[in-house]
Every structure is written in C-alpha cells, then in structure tokens.
Amino acid sequence: MGNYIRPRGTLDLFDADAQIFSYINKTASEVAKKYNYKPIYTPTFEQTSLFARSTGETSDIVTKEMYTFKDKGDREITLRPEGTAGVIRAIIENKLYAINDLPVKYYYSGSFFRYERPQVGRYREFSQFGVEIVGSNSYLDDCELILFISSLLKELKINDYVIRINTFGDLNCRNNYRDSVKEFFKPHISSLCEDCQKRFNNNPLRILDCKIDKEYLQTLSIPQTQDSLDEKNKNEFTKIKEILKDNDIPFKEDPYLVRGLDYYTGLIFEVDITLKDGKVLTIGGGGRYSCLVKELGGPDLNCVGFAVGINRIALYLKELYGKENYENKVDYYIMPFIEQATKKATAIAKILREKNYVVVVENGKRSVGSMFKYASKNNFSKAIMIGEDELKENKLKVKDLKTQEQIYVTLEDLLKGSE
Ligand code: HAM
C-alpha cells in the first residue's frame, strides 16, 4: 500500500465496477432521450444558502450532513448534497422557463456529497441520476416520472421493485397535515428522541421518518396524509393510482412516507429493492414541489422530479447478475505473429472498430502461446492470426475461441460473414 488511502465513505471504481456504473448512466441517458428530456450540467458546489433555503433549514441534510467550507474569497460554499436545488437555481438564473416552452424537462447525473455514516449503499460521495420537470401543471407529469423510472429499471433488467407512493396534497393540505401531526404528538413529546423533540417545534413531519423512534411510532395511530386531503387532491391521487395500475407499475401506498427533503408538496414516492440478505434499499425517490422556484426568486412554477442512486443500483445489479456480466466483451483479438504483420494488424483493427466491433491488438511481445492464454483468460471471442502466409495471400486466419473452429478468409469475407 502507498502512503494514502481514500477518504472514509468514498469509493474507487474500476474494472467491472466502473463498467456497471457507466452502463447505468448510459442506459439512463438513453431512456431520458426517449422521453425527450434534455441534459443539464450544474456546478458541484453552490452557495451554502441555496441548499439551506431549498432542502430545509431543519432537515438532516442541512443540519448534519453538508460539506460546507469557506473558500479563499471568504464565501460560504457547500458541495451539493442533492441535485434539485442547483438545477432550479440554473433554470431561474438562465431564465430557461422563459426561453423554452413549458414544461421544461431536464436530466442530470454526477457526484453528490453528504456527511453520513457510511454503510452498505450509503457513502459520503455518491452518484445520482435525476430529472426535473419545471412548469408542470398536470398530475400526468407525476405519472410520467414514475413510468420513466419503470422504463429505466426495465432497461436495466430490474424487475423486482416496489414504488411506495403517498401524497401531501397541495400546500394547503400539507400545512393542515403538518398541524394535525403536531397536535397529535403534543402528549408524546417526552417519549420522543432528542432530535424529534426539536423537530416537534420546527419540522414535525420529520418525526415520521425518524429511525430512532421507529418502533415507538409503530405503536401509535398517527394521522395519515389522506385525512388532510380535500376532494380535488383526493381525486387527483386516485387518478394517478389508476394510471399506475393501467401500466402495471408495482406500487403500494405508504401513508406515512414523508421523504427527507422539505420542499415536497403533492405526490411523493420512493423506489425499494430487497438485497439477498433481506436488507431493503431505497434506490430512488422524488415528488412534486410547488414552492421552490418562487422561494429561490423565480416565478410561480410547479415542478416534479426524482433521483436514483447509481451506486445502489450498481450494488443490486452486481448481486442479480454478477459483475463479470458487465465487463466489456472483446469481439476480436488480433495477433500479428511476425513483425511485418503489425501494420496490417493496426489497419484491420481500425476497419473493425469502425464497424463497431471491440478489438484488441497484440502490441506487445507475447509469444504465440501466451497470446492464446491471455485471450482465454480474458474471454475474447475470436482471434485473428496474421503470419507470413496470411500476408502473402492477403487473407486472415480467424479462430472462434469458444468453438475452436477456424476459417481462412479475406477481410471482405469476414466482414460480410459477420454482418
Ligand atoms: P434523495 O431521496 O435524497 O432525493 O436521494 C435520491 C437517491 O439517492 C436515494 O434514493 C438513494 O438511492 C441515493 N442516495 C442518497 N443519499 C445517498 C448516500 N449517502 N449514498 C448513496 N446513495 C444515496 C433527492 O436527492 C432529491 N433531489 C430527488 C428529487 C429530484 N426530488 C425532486 N426532484
């Protein structure tokens, strides 16, 4: 080992782990393209107050988990703990809501930072893929996002998952719910943990999400969000559920789902998978938020979005299919047996790569025997051998390394044969 190790809660991703990671990101961008969402890139750090304002001054993220520092110009800076705030800031700052027809739909991915206690699937630097719809005035957009997630999971061959959904209703319903939760907990304050005693005053809904009080909370008949919904919001929630049912989305209602960020009003949801050891991992979450754009100084625009955790999806895919499944598959390994064949090897590799084949050329000094050992160890599909005879006759010896079948062909025939 050298003199340095990576900081606690961070990861080095390489080989198959890095390939799974790229595969998830690539698949997610392809799905985003099908839904006609555009990419957006925003800074990895922002003014601290942006996150305090959007995520909620009293949320765990802001009070305990932010990587905050003063830069050399004495500015308060925070490494982004989530993506929504930065994207909304960028949309307001660049007036993207005015330049484009509404709603605008963006997707993003990258590193996010939270000072959390590291464990399986929880890191201090992690990666998310997220989307935001800004200027959305229809519950159909909420449905579209859940369909988006299910398309993504289907593409990734993840079939066993559950989407837990709940709704706060609009801001009015949410405020009523908040008041009734507060009222309910009044006689229970002294039985709550220290954090929840503070939450009782400044953020009572967060009590419902407390890991410490979890068992105690299960013994109580806490009011449910549905109790505070008016007819309009109830109907809308019913319509959303109908669409999800029609589209075979595996969802279930969770009347106590509140989410860890404070900006939500309306539908909220989380996506869960279960690992082999029985541990349930939330791989994504999101919902509707109606006040954030205005609170950050923009116009009155309703939004909805979600983000999935790439590291957690990667963990699950590895468990489901094995990481070797995600390694690059080499189609052709070109073996120049003599010095004079190296130019030809390079030229053929160029042509094959232009046809989208994955090609490795033996540029080193391996002996013929070690070339075959190397090819078999790395699971290459076919070997192209070029020696004196092949150069003379302008042909290639192509060996299928799985079946050991060998053919002697021109490059043109090889290309025709594999079309
Ligand atoms: P979030 O639920 O905080 O939502 O994070 C989304 C996902 O990121 C989580 O479900 C989880 O898979 C992953 N994640 C979060 N923290 C960690 C961690 N420490 N280590 C590994 N993975 C993690 C948001 O961030 C919202 N911005 C989503 C959203 C977008 N809502 C509306 N628009």
Toy charge model, Lys and Arg Cβ at +1, Asp and Glu Cβ at -1: the chain dipole around Cα centroid in debye, rounded to 20, equals 1000
One finds the C-alpha centres of the range 365-383 and the range 187-219 to be spaced, in Å, by 62
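Which net charge results for the neighbourhood of residue 251, defined as the other residues with beta-carbon distances under 9 angstrom from its beta-carbon, given Lys and Arg at +1 and Asp and Glu at -1?
On the way: positive: 164, 241, 245, 252; negative: 253.
Computed value for this residue: +3.
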About its Cα centre, the range 287-419 carries a charge dipole, from +1 on Lys and Arg Cβ atoms and -1 on Asp and Glu Cβ atoms, whose size in debye to the nearest 20 is 300
Tilt, helix 342-354 to longest principal axis of the chain (alpha-carbon atoms), in degrees rounded to tens, equals 40
Using alpha-carbon coordinates alone, the radius of gyration and Dmax of the range 1-155 in Å work out to 17.3, 56
Expected sort for 299-309, 168-178 on mean C-beta neighbours within 10 Å, highest first, is 299-309, 168-178
Placing each pseudo-label 7 Å from Cα in the direction of the beta carbon, residue 347 and residue 147 end up separated by a distance in nanometres of 5.3
Ordering 350-356, 282-288, 180-186 by per-residue average of other C-beta atoms within 10 angstrom, highest first, gives 282-288, 180-186, 350-356
Here the range 49-127 gives, from Cα atoms, an Rg and Dmax in Å of 14.6, 43
In Å³ per residue, the alpha-carbon convex hull of the range 210-300 encloses 154
For residue 245, the lysines lying under 18 Å Cα to Cα, once residues fewer than eight places off in the same chain are dropped, come out as 154, 234
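Hey, could you grab the Kirkwood Rh for the range 262-354? Inverse mean 1/r over distinct alpha carbon pairs, Å, one decimal.
Details: mean 1/r = 0.0546 Å⁻¹.
Hydrodynamic radius (Kirkwood, Cα pairs) of the range 262-354 is 18.3 Å.
Over the range 34-81, what number does the Rg to Rh ratio reach, with both radii from the alpha-carbon atoms and Rh per Kirkwood? List each step's numbers first, then the result.
Numbers: Rg = 13.4 Å, Rh = 12.0 Å.
Rg/Rh for the range 34-81 comes to 1.11.
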Projecting the Cα atoms of 176, 190, 128 onto the charge dipole of the range 119-245, where Lys and Arg contribute +1 and Asp and Glu -1 at Cβ, the residue farthest towards the positive end is 190
To the nearest 10 degrees, the tilt of helix 310-321 (Cα long axis) against the first principal axis of the alpha carbons of the chain is 60
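The range 288-419: percent of C-alpha pairs farther apart than 23 Å? Provide the component values of the computation, followed by the final result.
Numbers: 4345 of 8646 pairs.
Tail of the P(r) past 23 Å holds 50 percent of the pairs.
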Low-density loop trypsin sites (Lys or Arg not before Pro), the range 7-44, at most 11 other Cβ within 10 Å, DSSP non-H/G/I/E/B, are 8
Computed, not fitted: 222 nm per-residue ellipticity of the chain from DSSP H runs ≥ 4 (each -39500 (n - 2.57)), nearest 500, equal to -11000 deg cm²/dmol
Of all DSSP beta bridges having both residues in the range 299-419, the percent classed as antiparallel (nearest 5) is 50
Across 5 Å bins beginning at 0, the whole-percent shares of Cα-Cα pair distances in the range 174-263 come to 2, 12, 22, 22, 16, 11, 9, 4, 1, 0
The answer for GluC sites (Glu not before Pro) in the range 56-133 that fall in a DSSP coil and have at most 14 neighbouring Cβ atoms within 10 Å is 57
For the chain, whose charge dipole is built from +1 on Lys and Arg Cβ atoms and -1 on Asp and Glu Cβ atoms, the candidate among 351, 398, 5 with its Cα farthest towards the positive end is 398
Treating only Lys and Arg (+1) and Asp and Glu (-1) as charged, each at its beta carbon, one finds that the range 330-402 has a dipole about its Cα centre, in Debye to the nearest 20, of 200
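Within a Cβ distance under 12 Å of residue 323, other residues only, what is the Lys/Arg minus Asp/Glu net charge? Show your work: numbers first, answer last.
On the way: positive: 318; negative: 15, 17, 319, 324, 327.
Net of charged neighbours comes to -4.
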Note on the chain: C-alpha Rg/Rh, Kirkwood Rh, two decimals, gives 1.09
With Cα coordinates, the longest principal axis of the chain makes an angle with the long axis of helix 171-185, in degrees rounded to 10, of 70
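Restricting to lysines 8 or more places apart or on different chains, can you count the pairs in the range 296-355 with Cα atoms under 22 Å from each other? Intermediate values should be presented prior to the final figure.
On the way: 318/329; 329/350; 329/355; 343/355; 344/355.
Number of lysine pairs found: 5.
What is the packing order of peptides 229-241, 98-110, taking the mean over residues of other C-beta atoms within 10 Å and listing the highest first?
Working: 229-241: 15.5, 98-110: 17.5.
Packing proxy ranking, top to bottom: 98-110, 229-241.
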When the charge dipole of the chain is computed with +1 on Lys and Arg Cβ and -1 on Asp and Glu Cβ about the Cα centre, the Cα farthest towards its positive end, among 29, 380, 280, belongs to 380
For residue 294, counting only lysines whose alpha-carbon sits under 17 Å away and dropping same-chain residues fewer than eight positions off, the answer is 95
Using alpha-carbon positions, the gyration tensor of the range 1-77 gives root eigenvalues a ≥ b ≥ c; with a/c under 1.5 called rounded, otherwise prolate if a/b exceeds b/c, else oblate, the class is oblate
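All of the numbers you see were taken from the coordinates with simple rules; none came from a lab. As the structure is a computational prediction, the values presented were derived from the model and not from experiment. Ideal geometry is used to build each Cβ from the backbone, glycine not excepted, and the neighbour counts take in all protein chains shown.
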